[in-house]
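Peer 1: My questions all concern the structure below.
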Amino acid sequence: MKAMILAAGFGTRLRPFTENIPKPLFTIFQKPLLDITIRNLQKAGCKAIIINTHHLHEKIESYILSQNYSIPVYIRYESSILGTGGAIKNVEDFWGSSPFIVINSDIVTDINFREVYSFHLKGDSLATLVVHDYYEFNKLSIDRNDFIIGFDDKKIDKDKKKDNLKMLAFTGIHVLNPEITNFIPAGKFSSIIDVYTKLEQHNKKIKAFIAKNLYWRDIGTLNSYRKTVIENMAATAFKKIGYDSFLKNITHTKLKGDGSDRKWYRFFAGSHSLIMSDHGINTSGTRTEACAFVKIGRHLYKKGIPVPEIYLYDTISGIVFLEDLGDRNLQLLVHQDGNPENIILWYKSIIDLLIKMSFKGAEGFNPLWTFQSADYNIELILEKECRYFVDAFLNGYSGLNYLYENFLDDFTNLAEKAVTSDVAGFMHRDFQSRNIMEKKGDFYFIDFQGGRKGPIQYDLASLLIDPYVNLSCAVQSELLDYCITKLSSFININREKFISCYRHCTITRNLQMLGAFGYLGRVKGKKFFERYIPAALKILRHNLQELGEDVFPVLNAAIKGV
């Protein structure tokens, strides 16, 4: 048994994503579709495979050369697209005298290729097509003897019903006798449907292999690709937590998002639940937020940091399945309880975990995992926090007309002092109450995809000046002292230097927050965030005053004008 995988197409319905990666190399479970099909054919006893290529052919060739399959896998490049019929004719030297299988490269199925091949051998038709009931694509007319008599019928009329005709969908899987190439013109584009029509005219019948209970998906569109990835990952993800469930028993509901563009879902199977994060498809080949989320999350989990366990992920689709930590975050916990003593105890416990994350998270941390920059540095502060504040908040949200360059002396001075710390480790970078979950009395950290090396003071500032909770200045001071005391118990701390870095990190963090609130409210239409702008402004004014109004004169003057 030999096989051909059709992989020459442009992937038009998946543009612009197929401009960088050919559709056959889109992944499920981190495995390219092409690899999945090759290994299924190999398992079915296939002796050799040939793949036709055209669009981004060099990437398919490179991938095949990087693998070590147990059977020969050949590439046949088409300088111009030949169509399915033309592609089959173009490799007729490969076929030999036995029937062969032809398969579309953009399908995912659990079909037994050996069973289909054996079925064809028992018949006397030149071609056998695998068909099934798939309402959206039910266009083939099948007679009472399971022969195909029409290829593009839209519905069964009354006369056809009397003759017991069935309307079914073609799966993109054929088994063909080599003689079929005699009906295909050489060196030109040829539709296989035209070939099959010609066979009918020569009284050559085409058999239908009617597959029952078949799993089959065409990943030709963004929605179908995303759905296929999720279906194939969900059941396996539940197995990871000890629950074996059929796909049909798995349900899900969409969760309310926050500031990012990611989409979140909760999946259910029996009494078990998982969280799925959809970061969006990415075929750019560059480091993405989804990659950072997975790499950093798994690193922190292995270091014993309380983060959700990541069970499965797929880089290209951006789908990640992870542990469900519930819906109760620190903001909700504080507002529901309101007991000052409990709040202080919770925050001290969280600071203990923050210190652990900073030190343990830095051990073995790979800067290549990060998204945007490897560490918290002056360039990042100036661009992603200071300029963001001017563009998104002062000008975009508040309707003012400031030039970023006018603030440059203030911002450069601020950035230099914000990175001057002798307590640098792993930095979460969005360490606030909505990213701290409580489950059964324990705290967990989420949304760590912005993590990098940096001063612990930044995460501490994010936690304490968080406008979602809006801790009093007295409580902030008490918790700052607690953190310094805790750190001093096992490393030498220059208190004055530590506090100086902390004070300046409160400013940089505040600028980032206001920029984000302004952008999310005005551009993204997430008005929810606008309610926290007054508190964030009040905190910024207070912390600027703590440093002295003459330290950042341009910034102080701008804030007074808001």
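What follows is calculated from the coordinates using simple rules that are stated; it is not laboratory data. All of these numbers come straight from a predicted model, not from anything done at the bench. Backbone-built Cβ (ideal geometry, glycine too); neighbour counts: all protein chains shown.
Peer 1: Hey, with R₀ at 56 Å, roughly what FRET efficiency would Lys212 and Lys439 work out to, going by the Cβ-Cβ distance, to 0.05?
Peer 2: Details: r = 44 Å, r/R0 = 0.78.
Efficiency at R0 = 56 Å is approximately 0.80.
Peer 1: Which whole-Hz couplings ³J(HN,Hα) result when phi for each residue of region 108-113 is put into the Karplus expression 6.51 cos²θ - 1.76 cosθ + 1.60, θ = phi - 60°, listed in order with x for Gly and Pro?
Peer 2: With the stated coefficients, region 108-113 comes to 10, 8, 9, 4, 8, 4 Hz.
Peer 1: In angstroms, what radius of gyration and Dmax does region 252-322 have, counting Cα atoms only?
Peer 2: In order Rg, Dmax, the Cα atoms of region 252-322 give 12.6, 38 Å.
Peer 1: Which value does Rg/Rh take for region 76-137 over its C-alpha atoms, Rh per Kirkwood?
Peer 2: 0.99
Peer 1: Any idea what the relative contact order of region 422-509 is, in percent, if you count C-alpha pairs under 8 Å spaced at least 6 apart?
Peer 2: In percent, rounded to a whole number, it is 32.
Peer 1: Which value at 222 nm does the chain reach when only helices count, each DSSP H run of 4 or more adding -39,500 (n - 2.57), with the total divided by all residues and rounded to the nearest 500 deg cm²/dmol?
Peer 2: Details: 17 runs with 209 residues, N = 562.
The helix contribution divided over the chain gives -11500 deg cm²/dmol.
Peer 1: Taking square-rooted eigenvalues a ≥ b ≥ c of the alpha carbon gyration tensor, is region 178-223 rounded, prolate or oblate, where a/c under 1.5 means rounded and, failing that, a/b exceeding b/c means prolate?
Peer 2: Because a/c hits 1.5 or more and a/b fails to exceed b/c, region 178-223 counts as oblate.
Peer 1: Using θ = phi - 60° and the Karplus curve 6.51 cos²θ - 1.76 cosθ + 1.60, what whole-Hz ³J(HN,Hα) does each residue of region 372-377 get, with Gly and Pro shown as x?
Peer 2: The phi angles translate into 5, 8, 6, 8, 7, 10 Hz.
Peer 1: Take the Cα atoms of the chain, find their three principal axes, and give me the spread along each one in whole Å, biggest first.
Peer 2: Its Cα atoms span 93, 50, 48 Å along the three principal axes.
Peer 1: May I ask for the equivalent-ellipsoid semi-axes of region 247-293, computed as the square root of five times each C-alpha gyration tensor eigenvalue and listed largest first in whole Å?
Peer 2: 25, 13, 9
Peer 1: Let me ask another. Rounded to the nearest 0.05, what FRET efficiency do Ile193 and Lys31 give with R0 = 51 Å and r taken as the Cβ-Cβ distance? Could you check?
Peer 2: Details: r = 31 Å, r/R0 = 0.60.
It comes out at approximately 0.95.
Peer 1: Over region 2-218, what is the mean sequence separation of C-alpha contacts under 8 Å (at least six apart), divided by residue count, expressed as relative contact order in percent?
Peer 2: Worked out over region 2-218, it gives 25 percent.
Peer 1: Could you calculate the FRET efficiency of Ser477 with Lys139 from 1/(1 + (r/R0)^6), where r is the beta carbon distance between them and R0 is 60 Å, rounded to 0.05?
Peer 2: Approximately 0.25, to the nearest 0.05.
Peer 1: Hey, another quick one. Report the dimensions of region 2-218 along its three principal axes from the alpha-carbon atoms, largest first, rounded to Å.
Peer 2: Computed over the Cα atoms, the extents are 54, 34, 31 Å.
Peer 1: Under 5 Å between amide H atoms, partner at least 5 residues away or on a different chain: which partners does Phe209 have, H built in plane at 1.01 Å?
Peer 2: Under 5 Å from the amide H of Phe209: Leu129, Val130, Val131.
Peer 1: May I pose another question? Considering amide H positions built from the backbone, and no H for Pro or chain starts, which residues 5 or more places from Phe151, or on another chain, come under 5 Å of its amide H?
Peer 2: Here Ser141 satisfy the definition.
Peer 1: Right, here's the next one. Using θ = phi - 60° and the Karplus curve 6.51 cos²θ - 1.76 cosθ + 1.60, what whole-Hz ³J(HN,Hα) does each residue of region 261-275 get, with Gly and Pro shown as x?
Peer 2: Listing the rounded values in order: 8, 5, 10, 10, 9, 10, 9, 10, 8, x, 9, 9, 9, 9, 9 Hz.
Peer 1: Could you calculate the contour length gain from Asn413 to Arg531, that is, 0.36 nm times the residue separation minus the distance between their Cα atoms, to one decimal place in nm?
Peer 2: Values: separation 118, 0.36 × 118 = 42.48 nm, distance 3.03 nm.
The Asn413-Arg531 span can extend by a further 39.5 nm.
Peer 1: To continue, here is another question. In whole percent, what relative contact order does the chain give with Cα contacts below 8 Å and a gap of six or more residues?
Peer 2: 11 percent
Peer 1: Normalise the Cα radius of gyration of region 353-560 by 2.2 N^0.38 Å (N = residues in it) and let me know the number. If you can, show how the numbers build up before the last one.
Peer 2: Working: Rg = 16.5 Å, N = 208, 2.2 N^0.38 = 16.7 Å.
Dividing the Cα radius of gyration by 2.2 N^0.38 Å gives 0.99.
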